[in-house]
1. In this structure, is N356 open to solvent by less than 70 Å² (accessible area, probe 1.4 Å) and touching a residue at least 60 places away in the same chain (Cβ under 8 Å)?
2. Regarding M349, is this residue at pLDDT 95 or above, surrounded by 15 or more Cβ atoms within 10 Å (Cβ to Cβ) and aliphatic (A, V, I, L, M)?
3. Given the range 17-107, what helices (runs of 4 or more DSSP H) lie entirely inside it while holding 3 or more residues that are touching a helix residue (DSSP H, G or I) at 6+ places or on another chain (Cβ under 8 Å) and not polar (S, T, N, Q)?
4. Checking E401 against (1) in contact with a Phe, Trp or Tyr (Cβ under 9 Å, 6 or more places away or on another chain); (2) in the same structural domain as I262 (by the TED database); (3) without any contact (Cβ under 8 Å) to a residue 60 or more places away in the chain, only one condition comes out false. Which one?
5. Determine if the range 238-246 includes at least one residue that is under 29 Å from A455 (Cβ atoms) and within 26 Å of the chain's Cα centre (by Cα).
6. Got a sec? Which of W377, W457 is among the aromatic types (F, W, Y), surrounded by 12 or more Cβ atoms within 10 Å (Cβ to Cβ) and within 36 Å of the chain's Cα centre (by Cα)?
7. Among A205, A190, A201, A138, which is the only one that is buried (at least 23 other Cβ atoms within 10 Å of the Cβ), among the aliphatic types (A, V, I, L, M) and out of contact with any Gly (no Cβ under 9 Å at 6 or more places or on another chain)?
8. Would the range 101-120 turn up any residue that is touching an Asp or Glu at 6+ places or on another chain (Cβ under 6 Å) and hydrophobic (A, V, I, L, M, F, W, C)?
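The values are calculated or read from the model by the stated rules, or taken from the named source; none is laboratory data. These numbers come from a predicted model, not from an experiment. Cβ atoms come from the backbone with ideal geometry, glycine included; neighbour counts cover every protein chain shown. Please note that ligands, DNA and RNA were not included when accessible areas were found on the heavy atoms of the full protein model with its side chains. Shrake-Rupley method; radii C 1.70, N 1.55, O 1.52, S 1.80 Å.
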Amino acid sequence: MTDGANSMWGGRFAGGVNAIMEAINASIGFDKRLYAQDIAGSRAHAAMLAAQGILTEADQQAIDAGLTKVKAEIEAGDFPFSPALEDIHMNIEARLRDLIGEPAGRLHTARSRNDQVALDFRLWVREQCDAAITGLEALMRAFLGQAEAGADWVMPGFTHLQTAQPVTWGHHMLAYVEMLARDKSRFEDARRRMNECPLGAAALAGTSFPIDRHATAAALGFDRPTANSLDSVSDRDFALEFLGAASICAMHLSRFAEELVIWSSAQFRFVRLSDAFSTGSSIMPQKKNPDAAELLRAKLGRILGANVALFTVMKGLALTYSKDMQEDKELTFDAADNLMLGLAAMEGMVRDMTANTDALASAAASGFSTATDLADWLVRELNLPFRDAHHVTGSLVKMAEDAGIDLPDLTLEQMQSVHAAITSEVFGVLGVDNSVRSRVSYGGTAPDQVRLHIARWKEVLG
C-alpha cells in the first residue's frame with residue numbers, strides 16, 4: 001500500500017505507508033485469534049453506551065446484530081482479513097461498517113484501541129488460565145491413578161541420581177500431584193489478580209463521557225474495573241504472571257519427561273511407554289524412542305523463552321502505551337499453545353505407561369538402599385548416637401561392597417565383628433518392603449500414607 005491514506009486513520013498520513021511499514025506494523029496475522037474477545041468486549045461496550053444514553057437503542061441493536069454476523073463469518077472462514085487494516089480491532093470495525101453503515105462509527109465512542117487491546121488480551125489470558133487449570137486437574141488424576149495402582153510397589157528413591165532409599169511407586173507419583181497442585185494454585189491466583197476490567201480507561205486518561213465501567217466489568221465476568229487508567233493500558237503483568245506460572249509448570253513436566261526418558265531405557269526398564277507416545281528408528285529396528293517425552297522436555301525452552309522475552313519488552317517502557325507492547329501476543333500465544341499440548345501429552349503418557357514392577361523391586365534392593373534403616377535401627381535399638389550409628393553402618397556397607405553382596409546378605413557374625421551388640425532382629429529392617437512400611441511419618445512413603453493422600457486428593461479433585 002503506497003498510495004492514499006488508510007481510511008480508518010483519517011487524513012493524517014496523506015502519503016500512506018509502504019510495504020515494509022505495513023509488514024512491521026500489522027498484527028492481524030496473529031491477533032485475529034482475539035476475535036471472540038474483541039467482539040464480546042464491543043457488545044458489552046455498546047450495551048453500556050445505550051444504557052447510559054450515549055448510544056441510541058437502534059444503533060446498539062444494529063451494532064449487536066452486525067457483530068454477531070461478523071463473528072459468524074470469522075468462524076465460518078469467510079471473513080476478509082486485511083493487513084492494511086493492521087489489527088483485529090480495525091478489521092472487525094471496518095467489516096461492521098460494511099454491514100450496518102453509519103452506526104458502526106459510533107461504537108468506538110468513549111473507547112480507544114489501547115483499552116480495547118488490553119481488554120481483549122486480558123480476556124484471552126484469563127481463558128488460558130482456566131484451560132491450564134482444567135488440564136492440570138486431568139493430569140493430576142492420571143498421576144493419582146498410577147499412585148493408586150502402585151501404592152505398595154517398591155522402587156529406588158534417588159538423590160544425585162544414585163540409589164538412596166527405597167520408596168513406593170505411589171509415593172513417587174504423588175510427588176508430581178503435589179507439584180502440579182501448586183502449579184494449579186499459581187494459575188488460580190494469577191486469574192484472580194488479573195480479573196479486573198481495563199475497558200473504559202480509553203487511550204490513557206479515561207473519558208469525559210458518562211460511562212459505567214462497573215456495568216461492562218460485570219457483563220464480561222470481571223470482579224471490578226481497574227482503578228487507574230494509566231496502569232490499565234500500560235501493563236502486561238497479567239501476561240507475565242501467566243507465563244511465569246506456565247514456565248514453572250513446564251519445568252515440572254520437563255522433570256517427569258526426563259524421568260520417563262531414563263526409566264524407559266534398556267538400562268533401567270522401569271516403565272514401558274505406549275506405542276502412541278513412542279516412535280521407531282529409521283535404521284535400528286529394535287529401537288522404541290520416547291520422542292513425546294523428549295519433545296515435551298524441550299517445551300520449557302519455548303515457554304521460558306516467551307517469559308524472558310516479554311520481560312525484556314516491558315522492562316524499559318515509560319507509561320503508558322508503546323507499540324513495543326504489540327510483541328506481547330505472539331509470545332504468549334505460542335507459550336499457551338505449547339503448555340496445553342504438553343499437559344495433554346503428559347496426561348496421555350502417564351495414563352498409558354506400564355510399570356515394570358520386577359525391575360523396580362530389583363533396583364530398590366540394590367545399592368545398599370536400606371543403609372539408613374540400619375543406622376536408624378542402631379539408634380533405636382542400641383541407643384547409639386546417630387553419628388556413631390552412621391559410622392557403624394558405613395563400615396558394614398564397605399564390608400558388603402568388598403564382598404560383592406548387599407547388606408541383607410551379610411551374616412550376623414560379620415555384622416557383630418563391627419559392633420558386637422547387633423542382634424538378628426536387624427534383618428527385619430533390611431528388606432525393602434519393611435523399609436517402606438516403616439516410613440509412617442506424615443508425607444512419608446509408607447503405603448498407608450500413600451493411600452491417605454490419594455484419598456485426600458480424590459476428595460479435593462472431586
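1. Values: open to solvent by less than 70 Å² (accessible area, probe 1.4 Å): yes; touching a residue at least 60 places away in the same chain (Cβ under 8 Å): yes.
It is true that N356 is open to solvent by less than 70 Å² (accessible area, probe 1.4 Å) and touching a residue at least 60 places away in the same chain (Cβ under 8 Å).
2. Working: at pLDDT 95 or above: no; surrounded by 15 or more Cβ atoms within 10 Å (Cβ to Cβ): yes; aliphatic (A, V, I, L, M): yes.
So M349 does not fit the description; no.
3. Numbers: elements: 19-25, 28-31, 35-51, 57-76, 88-100.
By residue number, 28-31, 35-51, 57-76, 88-100.
4. Failed condition: (2).
5. Taking every residue of the range 238-246 in turn, at least one turns out to be under 29 Å from A455 (Cβ atoms) and within 26 Å of the chain's Cα centre (by Cα).
6. W457
7. Details: A205 fails: buried (at least 23 other Cβ atoms within 10 Å of the Cβ); A190 fails: out of contact with any Gly (no Cβ under 9 Å at 6 or more places or on another chain); A138 fails: buried (at least 23 other Cβ atoms within 10 Å of the Cβ).
Being buried (at least 23 other Cβ atoms within 10 Å of the Cβ), among the aliphatic types (A, V, I, L, M) and out of contact with any Gly (no Cβ under 9 Å at 6 or more places or on another chain) holds for just one of A205, A190, A201, A138, which is A201.
8. Pass one, the range 101-120, residues touching an Asp or Glu at 6+ places or on another chain (Cβ under 6 Å): 103, 106, 120.
Subsequent filtering for residues that are hydrophobic (A, V, I, L, M, F, W, C) retains none.
Looking through the range 101-120, none of the residues is touching an Asp or Glu at 6+ places or on another chain (Cβ under 6 Å) and hydrophobic (A, V, I, L, M, F, W, C).
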